[in-house]
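The values are calculated or read from the model by the stated rules, or taken from the named source; none is laboratory data. Everything numeric in this text was worked out from a predicted model, so none of it was measured. Backbone-built Cβ (ideal geometry, glycine too); neighbour counts: all protein chains shown. Only protein heavy atoms, including side chains, enter the accessible area calculation; ligands, DNA and RNA are left aside. Shrake-Rupley method; radii C 1.70, N 1.55, O 1.52, S 1.80 Å.
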There are 2 protein chains.
Amino acid sequence: MDTAHQLNPTWISYPGDFELWLHREVSLRRDERLSIVPPFWRLDTHCSNVKFRKWVDLIQDEQVTCDVEGRYNIAINDRFVYGNPKSFTIPAGRHLIMISVIAETIVPAIYLEGQSFVSDSSWEVSTNNHVWLPAATLNYHTPLDKPSGYRLATKPIFPIAAERLNSLTKEESSQLIDFGKETFGYVRLHQITGYGKVCLYYGESREEALSRDFCETYDEVILDETILENEPAASTDPKDRIFTIPNSRAFRYVQIVSVGEVQYGEVSALYEYLPVKYRGHFRCSDDRINEIWDTSLYTLHLTTREFFLDGIKRDRWVWSGDACQSFLMNYYSFFDNDVCRRTFIALRGKDPVETHINHILDYSFYWILALQDYYLHTGDLSFVKDCYPKIVSLLQFCIERTNDSGFMEGLPDDWIFVDWGEMDNRGEVCFEQILFCRSLNVASDFATLFHDNENASSFRVRAQQLHESILHVFWDEKAGGLVHSRHDGKLSSHITKYANMFALSYGYFNEHQAELVKQNIMLNDAVQPIVTPYMRFYELASLCEIGETDFVTSEIQRYWGGMLDLGATSFWETFDPTQSGDQHYAMYGRPFGKSLCHSWGASPLYILGKYYLGVRPLTPGYETYVIEPKLGGLSWIEGAVPVPSGDIHVFANSHEINIQTVSGIGTLRFQSSVIPISSDGQIVDKGAGQYELMLSPHNSYNIRYTLG
Amino acid sequence: MDTAHQLNPTWISYPGDFELWLHREVSLRRDERLSIVPPFWRLDTHCSNVKFRKWVDLIQDEQVTCDVEGRYNIAINDRFVYGNPKSFTIPAGRHLIMISVIAETIVPAIYLEGQSFVSDSSWEVSTNNHVWLPAATLNYHTPLDKPSGYRLATKPIFPIAAERLNSLTKEESSQLIDFGKETFGYVRLHQITGYGKVCLYYGESREEALSRDFCETYDEVILDETILENEPAASTDPKDRIFTIPNSRAFRYVQIVSVGEVQYGEVSALYEYLPVKYRGHFRCSDDRINEIWDTSLYTLHLTTREFFLDGIKRDRWVWSGDACQSFLMNYYSFFDNDVCRRTFIALRGKDPVETHINHILDYSFYWILALQDYYLHTGDLSFVKDCYPKIVSLLQFCIERTNDSGFMEGLPDDWIFVDWGEMDNRGEVCFEQILFCRSLNVASDFATLFHDNENASSFRVRAQQLHESILHVFWDEKAGGLVHSRHDGKLSSHITKYANMFALSYGYFNEHQAELVKQNIMLNDAVQPIVTPYMRFYELASLCEIGETDFVTSEIQRYWGGMLDLGATSFWETFDPTQSGDQHYAMYGRPFGKSLCHSWGASPLYILGKYYLGVRPLTPGYETYVIEPKLGGLSWIEGAVPVPSGDIHVFANSHEINIQTVSGIGTLRFQSSVIPISSDGQIVDKGAGQYELMLSPHNSYNIRYTLG
């Protein structure tokens, strides 16, 4: 039996409900010039009618206190405790406690404290569908700390400059505030006197904040007695009165226009952020690269919030393809599993599957592939197991939509995204088949893991057939790669990098084909270049995998450095170095439509961690892993890569490698033109100048070698 | 093009959403001694994220006004009308108007008025799943008349007696108010002075209202300045102050206890009801039967509300088996299609099907069977077509749960209800197979109607096989009927009426079997009697069908008359004539647990309309119908039966039949010992004293005959 000192009461709810509810709340915060923009996909949320139950066996009568989010009743052995008291007594003996909770706008949740039992994961919960699951424990451990009160952390920040602007009319006065860098949060006005209207025009760029007519977001507030007195930070002295704009916004600049008699003094903001640990770390001999890494980390942190968001100004939505990359960057920076799990649950929503995730064919596959990455990096099998039925139902949905050749095409209203760029995505797009095939492989492996033999076999067989069909249909020996698509039975002559680089990463080519693809596609300037950081992510990864780190270093310097040269303080949704001036801000036919803080812009975090520091898991949760440092033309690199049990430290220059390990068995791989020496362990000569050193847990290594 | 005078603007929403939302609201109004009792099934509700769209082609610019329930945006050709004005201009030409609406606690709905177009069923609506449906038009035709404000009608009613009670303490004073008959609504206190607490203990019986500890429902109100001033009916003169209890309750009696300085004068109530037309009508030579018919009508009206409820005091929920009978009674009384449709939608909820309707195996089938009844009586094919996909998915759910013999058994957590009564419902219950078989027949017919040939054939084949299996397994030639069940391969020796009477009605027996069942089961006192009005409904119908109307008349007099003798002003959930005193009020182990106003208690409405007046449809919507009056031992009967085009009037005594028809082609069937004469048309002699007269539309007939 439990004893009191082991009890850890927590708010509990139906598994996944909190995440779905939070996703709905967050997804509905997008607006465009005060027009709310709800997502164009189904927004699933929590179940409003749930039951919690637990059998208790009490030695003596117990007084129980109970806090509930929602309307509720309490039943002991199917008899109501009338009046729903906050505190009630359960007599000694064995009893079934059942608490029914109804809540539509918040998540049904309970918090209970008895003497020998409390609300925790030993409770079961049901959505009244005959299925009882272990309750999800929410990270809220006091009755007053309610799940519906979920808020990110905030801290005050202050502008670096303010500039008085010419007023457009006599009644208004306006100024431009600069917070020095891209940020996110709530603008505050201090020392308010008088009443009147205040308008705030936000800008990720100075130009945007100055454009009252075209800035993507703005706020209008009528400041009067009612509003100011309800402000939590209100002071009795009007001169100390602070007003916090209720909407969170992304901005570096804000143009503030006040109309009427209202006056204010200082302007500040509450920076809103997810508290994460900065575990990943990277430094090298090149300051430009270091600045790129820092800016990437800041970009990722700004977009790593309740969920992995795409960008913070415009969409503020959760997109599977974007998140797929945030997951990977997270494994080389924050290693925050919670935000990963929240994102997986939010993206997938509930059954029945009616459309692809985010309505995008590729995005259904990314969800499955990202789960494989998650499992590999975190080793969190239990979460993947919870997701497994939804992997199967999503894949079944896909399989039902295959054509006679076993390929997936875009059906009416499906969006075949691939990437922003010139391409014809009608018919059978090779890239989609590669992702489909990989998803089947992954699902088959998971099925095996969870003893679902029927699906394990059917997914594997389908993946094999699909793999063969892809090479049979799309491989162009003369061009030395996969063509982009087949439409109405006619093969396209268009060659793009997308399918080729993914197939290369997944090992779908034989040696001969792989070599052709490297030379004819990946390193061929004549092939249509990739212009978004989104697909540059995979492209640079792919180039690293074929040993082109030196080239990748110069690409990072050129492409991400190019944004820094234009004053970027966070990385952008797209960047075309050939554009100039305000052109950089436009997208979707709107002058400031482009997101200047987009998660997929932060990919150097992943590239530098995985391919330069060279740390990557071989088996789930880094039980075994490899370290293969690459200087990529830099004089030295050093940094830390977070893994479940701690942080692995790596330093490398052309003649020395230092490693600090945590748990797990590692393998250091490196090339040397001389016979290397290690401070510990036995270096193995693999021939052709390749060496390996087995790394034991919690150890330090110093290796002397000569890069050759 | 539309012209202004044809325009009929209305609030529009996603089809079914309003009904699901209303069902949630209504289902959550159940409480038991202030403990909320949410339904123990999944409560589906509206989709919170929907889009409305319409292409318009305007000759000139149009000013459009727009009212929305929810947060929303307006886009014209995919460009937002920023700021969501209540009024905006659409330029001349062809444009796509799209309105996105988000609403969690109410139903997303819009109301639009332009010059050449308005919100109506020509709009399309989607839940962001790629499927666009014609918008549902709600019966709300002004901007201020919002769907979320849905309320039933109310009217003041007044008690017939008040009785001062002895106070339990010095601080309180109490009285018992009697409204003279079962009613439903909101109690009101008039001429309030002073502040204090008022407790109201409701009773369907005097005994219940007097039992503060065991009455099923009560209210406690603290009357203070805040409360009284917010009361809509508040007057400036405190002496005219009225307070209306915010909860609607079922009661005839209410014990009012006031504590503290509060005093009140008059007590009244707002009777809450669904405005329906009293179309069906019945009178006969027996006043007792007339009183039973009136009380049945009142019982049905009290339970016919937002939906067909089971009872008004306790559950106030929508139950498929109960509703199945309310539908049929409605066809012989109010003929209100709207409440039928609301009930069908509410019961079925959304896919995926996770459990049987109301968690009861039989109740899934009743939903399908009731749709067949609905179609036959109303001819409303369009609604049935909307429901058809959900018929299929519900039946698929059932089919997946059949055992190796093709039978359905109760799986863990399924409730096999059949009826309140002694029976062992483990294993394969014959009654359930009969309903399953009939459901397959009905679904097959619908599939044919909607050109779904695959399901038409598979359902038909399965029904055929099941029919054969039922007779093969459950028919007991010696007993002359179907046995109750088979459990663990062992046939029960228990014979009950349920399966037999349904199989008889559905024509599942051959002539020989039917005759055996009539004699050995239906008319055999040794077979376990049916004690609920619920199954008495089918039993009496079945007896009428085998010509036992005289016996049915005496049964109605005895059973329903028995309740009247005990002072019933509405009919009960169960009635056991052998009980006495307070025993009649107890159920579920609670002294006043029984519902004294239960829809299934009103079945004489159906029996007397269908089998005495004898009016019933032969083809959907009464395009063809039959009238077969039966006196059932009474001297005369007369009444009206509502059909889609009006009311059919029937009078009959032993020597005269008068008929007034509306649309449709009818057939009058009757027996005569002399050659009958009709005022119009040609009577056909069918032999053996049977005669038929074809009835033309909108005609009157007087037939002279002699009942023989």
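Counting charges near A:Tyr559 (Lys, Arg +1; Asp, Glu -1) among other residues having Cβ under 12 Å from its Cβ returns a value of -1.
Binned at 10 Å from 0, what are the whole-percent values of the Cα-Cα distance distribution for the range A:394-478, short to long? Percent of pairs per bin, in order: 16, 46, 29, 8, 1. Taking a Cβ cut-off of under 9 Å around B:Leu668, the surrounding Lys, Arg, Asp and Glu residues balance to a net charge of -1, with basic ones at +1 and acidic ones at -1. Taking Cα centroids, how far is the range A:402-480 from the range A:663-687 in Å? Going from one Cα centre to the other spans 39 Å. Reachable lysines from B:Lys478, Cα under 29 Å, same-chain residues fewer than 8 places away excluded? Those lysines meeting the cut-off are B:Lys490, B:Lys497, B:Lys518. These residues, A:Ser458, A:Ser542, go from largest to smallest accessible area, 1.4 Å probe, as A:Ser458, A:Ser542. With every protein chain in place and a 1.4 angstrom probe, the accessible-area ranking of B:Ile59, A:Ile657, A:Ile222, largest first, reads B:Ile59, A:Ile222, A:Ile657.
Across chain B, the longest run free of exposed loop sites, meaning GluC sites (Glu not before Pro) lying outside DSSP classes H, G, I, E and B with no more than 16 other Cβ atoms within 10 Å, spans B:1-170. Equivalent ellipsoid of the protein assembly as shown: semi-axes from √(5λ) of the C-alpha gyration tensor, largest first, are 66, 39, 33 Å. Relative contact order of chain A, taken over Cα pairs closer than 8 Å and 6 or more residues apart, is 11 percent. Counting only protein heavy atoms and a probe of 1.4 Å, the accessible surface of the protein assembly as shown is 49% carbon and sulfur.
For the range B:510-566 and the range A:294-346, write down the distance between their C-alpha centroids in whole Å. One Cα centre to the other: 69 Å.
Taking amide H positions as modeled 1.01 Å from N, with prolines and chain starts lacking one, the residues under 5 Å from B:Leu223 and 5 or more places away or on another chain are B:Gly196, B:Lys197, B:Val198. Counting only protein heavy atoms and a 1.4 Å probe, chain B has 39 square angstrom of accessible area per residue. Screening chain B for DSSP H helices whose Cα atoms reach 20 Å or more along their own axis and whose mean Kyte hydropathy is at least 0.5 gives B:381-400, B:430-449.
In the calculated pair-distance distribution of the range A:153-273, the portion above 24 angstrom amounts to 20 percent of the Cα-Cα pairs. Shielding of peptide A:336-345 by partners, expressed as the average count of other chain Cβ atoms within 10 Å per residue Cβ, is 0. Work out which chymotrypsin sites (Phe, Trp or Tyr not before Pro) in chain B are exposed loop sites (DSSP not H, G, I, E or B, at most 12 other Cβ within 10 Å) and give the longest gap free of them. It works out to B:279-587. Dividing the helix sum by the residues of chain A, where each DSSP H run of 4 or more adds -39500 (n - 2.57), gives a mean residue ellipticity at 222 nm of -8500 deg cm²/dmol. Interface A-B: total buried accessible area of about 3700 Å², 1.4 Å probe, protein heavy atoms only.
3J(HN,Hα) couplings calculated from phi for the range A:195-201 with the Karplus curve 6.51 cos²θ - 1.76 cosθ + 1.60 (θ = phi - 60°) are, in sequence order, 10, x, 9, 10, 10, 10, 10 Hz; Gly and Pro show x. Based on the convex hull around the alpha carbon atoms, the range A:1-116 presents an average projected area of 9.1 nm². Mean partner shielding of peptide A:40-51, defined as the number of other chain Cβ atoms within 10 Å of each residue Cβ, is 5.
A simple count of charges around B:Ala602, restricted to other residues whose Cβ falls under 11 Å of its Cβ and scoring Lys, Arg +1 and Asp, Glu -1, yields -2.
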